[in-house]
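Student: Sharing a structure below in structure tokens format, with a few things to ask.
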Amino acid sequence: VSHLGEDLTALLDGALPPARRAEAEAHLAGCDACRAERDRLAAALARLGALPPPAEPSPWFATRLEARLAELEATLPGGAPAAGRTGLLGRLSAWRWRLALPVAALGAAAGLALFTVRHQRAGRADELAVAAQLELLEDLETVRAAGDLADADEVAVVAALDELLPREGRP
Amino acid sequence: MSQDPDAALMLAFQGGDRAAFRTLYQRYARAMVGYCHRYVKDAARAEELAQDVFLKVHASAARWTPSARFKTWLYRVATNHCLNELRRAEHQARQDGPLDEEGSPDLDALASGGPSPHQELEAGRLEAALRRVLASLPESQRAAFVLCRLEGLSYEEIAGALETSVAAVKSLIHRATVTVAAALDPAAPDLQEGRT
């Protein structure tokens, strides 16, 4: 007998497409085991309604966040946050052609590094990964700030690139 | 994306309108503090994590495009940040030894007004049991469950936040729900703990 499995939870969540929902309901009507499982899951989900309400921000949440934002903005050249980011990206964009050669060299380094850490995944996928990393070169600060690098290998690669990337004030 | 009420604010912020960012964080502060609190027990730490999330959003705002719904993107940033925090805390705990017992209800919270003491105590036990079982789940199941059951996101929104498919979300939520249901069964040992 094939029971509902994942569809049972999706049915409770109203997340099944109409046709599949009709099939699932028809199955439920004739299956004691699935009805019992549905009732068990529904009861558990109903219990979640008795949880304490979520934590509220404290009265000083905004004040502290504003202070941290001010600290962050103070580190950005150009003042206002969005303008600062746009300015940074804009400057990187303007520097793109002047940096073409070093960036190409860094790209080669990135390719080599990625090839080293992902040597088992050679081929077209790696070329695309290198191209993606080249995009990161244009926005390293953002990438590092966002903290959304996929794994330790990428962190290591970007850290190495960061050391190589020309930067204002860096010889 | 015209159906996204936050898109105009993000676009304005990208154009340098700082007030637009303030409106955004005011709109989502409560949700983010609550969401982060699902991952850490300490309320002050949850608030700090929520602030980190807004700082990350601020720092990477230039990368957002209207093709991504802001709310989904925000939850993605928050989920990644909270999971990173858990990994960091677990790593630290392995080095330092266990510092905190997640299983006991927050007595400070229970002391506040509202529902009866009995209801508060039961809610505290339930929350503690939920924290324990959530901590035992794989990260992706935990995130999907919290986003679905506690934050009310749709399967599609969760797929966006976790950068996976709706089919994968369906599977994650099902497996997590089955595990949580077993732990929250009134006869389960987790809920029997502390009862006399």
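Student: Assigned to a helix (DSSP H, G or I), more than 22 Å from residue B:155 (Cβ to Cβ) and open to solvent by 60 Å² or more (accessible area, probe 1.4 Å): does that describe residue A:21? So that I can check it myself, show each step before the final result.
Tutor: Values: assigned to a helix (DSSP H, G or I): yes; more than 22 Å from residue B:155 (Cβ to Cβ): no; open to solvent by 60 Å² or more (accessible area, probe 1.4 Å): yes.
No: the conditions fail for residue A:21.
Student: Still on this structure, I have one more. Tally the residues that are buried (at least 21 other Cβ atoms within 10 Å of the Cβ), more than 8 Å from chain A (Cβ to nearest Cβ) and over 13 Å from the mean Cα position of the chain (by Cα), restricting the search to the stretch B:29-57.
Tutor: Going through the stretch B:29-57 one residue at a time, the tally reaches 2.
Student: Taking the condition open to solvent by less than 20 Å² (accessible area, probe 1.4 Å) and either in a helix (DSSP H, G or I) or closer than 30 Å to residue B:120 by Cα (or both), does residue A:28 pass?
Tutor: Values: open to solvent by less than 20 Å² (accessible area, probe 1.4 Å): yes; either in a helix (DSSP H, G or I) or closer than 30 Å to residue B:120 by Cα (or both): yes.
The answer is yes for residue A:28.
Student: Next question. So which pairs qualify, if the first residue must be in the stretch B:174-187 and more than 7 Å from chain A (Cβ to nearest Cβ), the second must be surrounded by 18 or more Cβ atoms within 10 Å (Cβ to Cβ) and not in a helix (DSSP H, G or I), the Cβ gap must be under 9 Å, and the two must be at least 6 apart or on different chains?
Tutor: If the second residue must be surrounded by 18 or more Cβ atoms within 10 Å (Cβ to Cβ) and not in a helix (DSSP H, G or I), the pairs left are B:175/B:137; B:176/B:137; B:179/B:137.
Student: Could you grab me the full set of residues in the stretch B:147-166 that are farther than 21 Å from residue B:84 by Cβ and open to solvent by 50 Å² or more (accessible area, probe 1.4 Å)?
Tutor: B:152, B:156, B:165, B:166
Student: Moving on. Anything in the stretch B:152-165 that is at negative phi and more than 8 Å from chain A (Cβ to nearest Cβ)? List them, or say none. Even if it seems obvious, please write down each step before you answer.
Tutor: Within the stretch B:152-165, the first condition is being at negative phi, and the residues that meet it are B:153-162, B:164-165.
Correct list: B:153, B:156, B:157, B:158, B:159, B:160, B:161, B:162, B:164, B:165.
Student: If we scan the stretch A:10-27, do we find a residue that is within 13 Å of chain B (Cβ to nearest Cβ) and touching a Lys or Arg at 6+ places or on another chain (Cβ under 6 Å)?
Tutor: Yes, the stretch A:10-27 contains a residue that is within 13 Å of chain B (Cβ to nearest Cβ) and touching a Lys or Arg at 6+ places or on another chain (Cβ under 6 Å).
The values are calculated or read from the model by the stated rules, or taken from the named source; none is laboratory data. Everything quoted here is computed from the prediction, not taken from an experiment. Note that each Cβ is placed from the backbone with ideal geometry, even for glycine, and that neighbours are counted across all protein chains shown. Please note that ligands, DNA and RNA were not included when accessible areas were found on the heavy atoms of the full protein model with its side chains. Shrake-Rupley method; radii C 1.70, N 1.55, O 1.52, S 1.80 Å.
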